[in-house]
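Asker: Have a look at the structure that comes next, please.
The values are calculated or read from the model by the stated rules, or taken from the named source; none is laboratory data. Given the structure is predicted, the values throughout are model-derived calculations rather than measurements. Every residue, glycine among them, receives a Cβ derived from its backbone with ideal geometry; neighbour counts consider all protein chains shown.
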Amino acid sequence: MNTEAKYHAQECHRLFGLGRMRTRLLIRAVVVCFFASIFVIGIRAEDGHEGWLRYVPLDPSAAKIYATVPRVVVVEGDSPVLRSAQQELSRGIRGMLGVALATQSRNADSSAASHAPAIVLAVDRNLAPESLRIRWSNAGSKKSLRITGGDDRGVLYGVFALLNKIARLESLANIDDTQKPSAPVRWVNDWDNLDGTIERGYGGRSIFFDADNVRPDLSRVNDYARLLASIGINGCAINNVNANPRVLTPEFLPQLIRVADIFRAWGVRLAIAVDVSSPMRIGGLYTFDPLDPSVAKWWRDRFDEVYAKIPDLGGVVVKADSEGRLGPSTYHRSPADAANVIAKALKPHGGLVFYRAFVYNHHLDWRDPKNDRAKAAYDNFHPLDGQFDDNVIIQIKHGPIDFQAREPVSPLFSGLEKTNEAIELQITQEYTGQQHHVVFLAPMWKEVLDFDMHAAPDSAANTPVKDLVAGKVFHRPVGGYVGIANVGLDANWLAHPLAMANLYAFARLAWNPDSTPEQIATEWTQLTFGDDPTVVQTITGLQLASWRTYENYTGPLGTQTLTDITGSHYGPNIESSEENGWGQWHRADEKGIGMDRTVATGTGFVGQYRPPVAKIYESLATTPDQLLLFFHHVPYTYELHSRKTVIQHIYDSHYEGAAEVAEFVDQWKSLQGHVDAQRFNDVLARLEYQAGHAIVWRDAICNYFLKKSGIPDDKGRAGHFPNRIEAESMQLQGYEPVDVTPWENASAGKAVACKQTQGCTASYKFTGAEGNYALVILYFDQKNGESKFRVMLSGKEINRWTADAQLPATKIGADAATRRTIPNLHLRPGDQIRIEGIPDADEPAALDYIEITPQN
Ligand code: GCV
């Protein structure tokens, strides 16, 4: 029984044990017992909206350790942020301890405040900005719990820190906690379009915009800002970096003000992404040349007007000369010219310019073996080091390509000494399963942040990425962390109930990059699912394994994700990376695979790292296996440090990865009754889908490389599917075989599709031995239709479903491929399995295969 269940059950028992009751008490007893009953049978619905700020009632016996927590809160000072701090404290204490705090303001009622023990919220300018301290203090006979901040934000962060401890039942008896954020910039970017869609967003439509305007109802924005503040995030750029210039028009300003007003109360600074061609596109100038005085004046005037209304605007984010966006190259000007003209307009107001280093040519000639997209950020920005104004920050994606399942660290982190920098990490899972797959990214980020770039003049000194971005190595005034969040209107923000762990982890690492993924995952799970040790261990273990598992069944050894890079970025599509200008090449051919990026024989990318790092990657002998194919082209028979050949590693890792996800399903099932039914069922359905999709990935990659290399799998698995019956070989009525492109994205390269509105059938007469079997049906679930399926066994319906998942697929292929398992079927020879599919709209109720696997 979880904590809430216990609390309500005990309370119910207590109330009915009171003998004859007064009516009010009776009503209370009925209500409490009603809740007790639904908690006990585990059906209290949780939709994830509260994230990690659930503040559920603590088990009364556990809550006893907080008996000495004062029942009065005294706030020294007044501001929107301090008011939020006080209200949040009251909300949390009421929720968890069932106690209503009395509020006193030091100025208004100093006599009362000085007599009762109190929780005191106060600013102490001797502390560093945004830092916090929580400790008991004895003033006379009074013992107070003081939450002190270096500024108002620090106080708010202190309140959240205290509530976090209470929610996780940490003792406060001897609390003396001082925390200081690792870096001043801890921002999120949301890639929301003004029309309400979100680029690479998988949790529903925008919480900020709709129909080219800010939404009338911003209650979700308030909830989001509160969640952000609770983990120390202090800035948020709310619109897509592929920016609509309208965001900076005078007409739009009143709408931005509404968002800024909400953010302000939570200490989150509003920021916007701007289009560098705005002076021309919305300003009526004939140019946007950053060195043209009229352009400089335009930016100044525009921001003077914006800051007059939003004095705490954090600044702007700029994506230019990238993926078709206009930029300073139009006038043969540099990114420094473009950044500085905006920076000068923001400077008097304290605003920052985040200029993204994601500048590259997506029309590279793939035939030239020296071309390499990975080199672009360093090539573009390293020569400009020292030319950027002090309020410019270069925002650098963690790897040199684009948030792949694994990449080396971007060499640009050590390529800037006289320029501020921030690391850009992607919380939204664009290339890592789009929140249909569970992939906890903290272990990946931690490796990146801890990676020693050997950037100091004394190359023996440790200069990890976390110190470079915090400005500690080269004594930069500002720098830090930017996470691409892309939360949406889905109740739980990011669609998958386990995905919010990534937002939490991003912020925790930004606050303290020395914390470990284990600590973060444990803390998040305790806050989000409660403190039942089975739940905490299981979810934490699953989260911590999930990234490497995903890497295993997608693109191991540094091949990047092997996904459909010109389309959805979701399912497998190995050749989509090749023979085009996007430059996400892996160069797989009949003999070998990998990009030669060495200085000696390759593109020279390795030379962008400092010598001690370059030395590791230049040599095959010292390059770690997990990045081998990012840096070297080798034959499939090349032997890894693990003693496996590359090809055998590809087979093994994909089979292991798929098996690991199947284990996730079993692990999750063990939590039934320990987790509320709503989230239990939601996660279970998603993990079952993921387990099926991991098999789709496994088969596509293994079949492809089996054919390409001609080298069989030592373990005889790749290309052999003994229990599989291709749909095209079944007895078909109405269904027609179709070729699938690329061929490896369907079993045997074919599927069957139904074009008859009344539906089609595919039948198979079972010829195996009598026994128990699991029947798997692979069908294609596109988003442009909701086909219906029914499965009949010897004339009797055994299963039916509607293909209505929101997968990123509009045609038959691996993005749509979904496995449905019907377990525990007793089959006898001669039994007929018939699948009926009824197409809908543009979705043809397509089938790939069935599998009949013996089951004990
Ligand atoms: C916002 C990748 C994504 C784009 C994104 C871009 C960027 O290319 O696929 O959707 O655009 O990165 O970071 O600017």
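Asker: Of the numbered conditions (1) crowded, with 16+ Cβ neighbours inside 10 Å; (2) in a loop (DSSP other than H, G, I, E, B), residue 678 fails exactly one; give the number of that condition.
Answerer: Going through (1) crowded, with 16+ Cβ neighbours inside 10 Å; (2) in a loop (DSSP other than H, G, I, E, B) one by one, residue 678 breaks only (2).
Asker: Condition test on residue 379, is it charged (D, E, K, R), out of contact with any helix residue (DSSP H, G or I) (no Cβ under 7 Å at 6 or more places or on another chain), away from the ligand (no atom under 16 Å from the Cβ) and within 21 Å of residue 326 (Cα to Cα)?
Answerer: Here the answer is yes, as residue 379 does meet what is asked.
Asker: In addition: Mind checking which strands (runs of 3 or more DSSP E) fall wholly inside the range 708-755 and carry at least 3 residues that are of a type in the set (A, V, I, L, M, F, W, C)?
Answerer: 750-753
Asker: Condition check: of a type in the set (Val, Ile, Thr), at pLDDT 95 or above, within 21 Å of the chain's Cα centre (by Cα) and within 27 Å of residue 200 (Cα to Cα). Does residue 554 satisfy that?
Answerer: Here the answer is yes, as residue 554 does meet what is asked.
Asker: Within the range 294-337, how many residues are under 20 Å from residue 249 (Cβ atoms), within 16 Å of the ligand (Cβ to nearest atom) and buried (at least 21 other Cβ atoms within 10 Å of the Cβ)?
Answerer: 5
Asker: Somewhere in the range 480-501, is a residue of a type outside the set (Lys, Arg), closer than 30 Å to residue 416 by Cα and assigned to a helix (DSSP H, G or I)?
Answerer: no
Asker: I've got another one for you. Please state which of the following conditions residue 643 fails to meet, knowing it meets all the rest: (1) in contact with a strand residue (DSSP E or B) (Cβ under 9 Å, 6 or more places away or on another chain); (2) in a loop (DSSP other than H, G, I, E, B); (3) farther than 25 Å from residue 453 by Cβ.
Answerer: (1)
Asker: Still on this structure: Those residues that are out of contact with any His (no Cβ under 6 Å at 6 or more places or on another chain), in contact (Cβ under 8 Å) with a residue 60 or more places away in the chain and under 24 Å from residue 437 (Cβ atoms), I need them from the range 694-712; list them, please.
Answerer: Within the range 694-712, 694, 695, 696, 697, 700, 704, 705 qualify.
Asker: It is to be established whether one or more residues within the range 825-841 are of a type in the set (Gly, Ala, Ser), over 30 Å from residue 566 (Cβ atoms), out of contact with any Asp or Glu (no Cβ under 9 Å at 6 or more places or on another chain) and not in a strand (DSSP E or B).
Answerer: Yes, that holds for at least one residue.
Asker: Of all the residues that make up the range 639-654, how many are crowded, with 19+ Cβ neighbours inside 10 Å and either out of contact with any helix residue (DSSP H, G or I) (no Cβ under 6 Å at 6 or more places or on another chain) or not hydrophobic (A, V, I, L, M, F, W, C) (or both)?
Answerer: Result for the range 639-654: 8.
Asker: For the range 521-549, give me each residue that is part of a helix (DSSP H, G or I) and over 14 Å from residue 501 (Cα atoms).
Answerer: Result: 533, 534, 535, 537, 538, 548, 549.
Asker: If the requirement is being without any contact (Cβ under 8 Å) to a residue 12 or more places away in the chain and away from the ligand (no atom under 16 Å from the Cβ), which of these qualifies: 537, 526, 543?
Answerer: 537
Asker: Sort out which residues of the range 563-593 are part of a loop (DSSP other than H, G, I, E, B), touching an Asp or Glu at 6+ places or on another chain (Cβ under 9 Å) and within 16 Å of the ligand (Cβ to nearest atom), and write them in order of number.
Answerer: 564, 565, 567, 568, 569, 570, 571, 573, 581, 583, 584, 585
Asker: Testing residue 215 on (1) within 16 Å of the ligand (Cβ to nearest atom); (2) among the charged types (D, E, K, R); (3) within 13 Å of residue 488 (Cβ to Cβ), one condition comes back false. Which one is that?
Answerer: Condition not satisfied by residue 215: (1).
Asker: Still on this structure: Considering 502, 552, which residue is out of contact with any Leu (no Cβ under 6 Å at 6 or more places or on another chain) and in contact (Cβ under 8 Å) with a residue 40 or more places away in the chain?
Answerer: Exactly one of 502, 552 is out of contact with any Leu (no Cβ under 6 Å at 6 or more places or on another chain) and in contact (Cβ under 8 Å) with a residue 40 or more places away in the chain, namely 552.
Asker: Turning to a different aspect of this structure: Given the criterion touching a helix residue (DSSP H, G or I) at 6+ places or on another chain (Cβ under 8 Å) and among the charged types (D, E, K, R), identify the matching residue among 258, 220, 246, 205.
Answerer: Result: 246 is the single residue among 258, 220, 246, 205 that is touching a helix residue (DSSP H, G or I) at 6+ places or on another chain (Cβ under 8 Å) and among the charged types (D, E, K, R).
Asker: Listed residues 225, 260; which is part of a helix (DSSP H, G or I) and within 16 Å of residue 486 (Cβ to Cβ)?
Answerer: Only one candidate qualifies: 225.
Asker: Under 7 Å between Cβ atoms, at least 6 apart or on separate chains: pull out the pairs that start in the range 612-639 with a residue that is in contact (Cβ under 8 Å) with a residue 24 or more places away in the chain and part of a loop (DSSP other than H, G, I, E, B) and end on any residue that is among the polar types (S, T, N, Q) and surrounded by fewer than 21 Cβ atoms within 10 Å (Cβ to Cβ).
Answerer: Qualifying pairs under 7 Å: 636/645; 637/645; 638/645.
Asker: While we're on this one: Could you count how many residues in the range 184-219 are more than 21 Å from the chain's Cα centre (by Cα) and either small (Gly, Ala, Ser) or at pLDDT below 95 (or both)?
Answerer: Matching residues across the range 184-219 total 2.
Asker: Find all pairs meeting these conditions: Cβ atoms under 6 angstrom apart; at least six residues apart or on different chains; first residue within the range 230-241 and within 15 Å of residue 262 (Cα to Cα); second residue part of a loop (DSSP other than H, G, I, E, B) and within 12 Å of the ligand (Cβ to nearest atom).
Answerer: Here the result reads 238/190, each pair linking the range 230-241 to a residue that is part of a loop (DSSP other than H, G, I, E, B) and within 12 Å of the ligand (Cβ to nearest atom).
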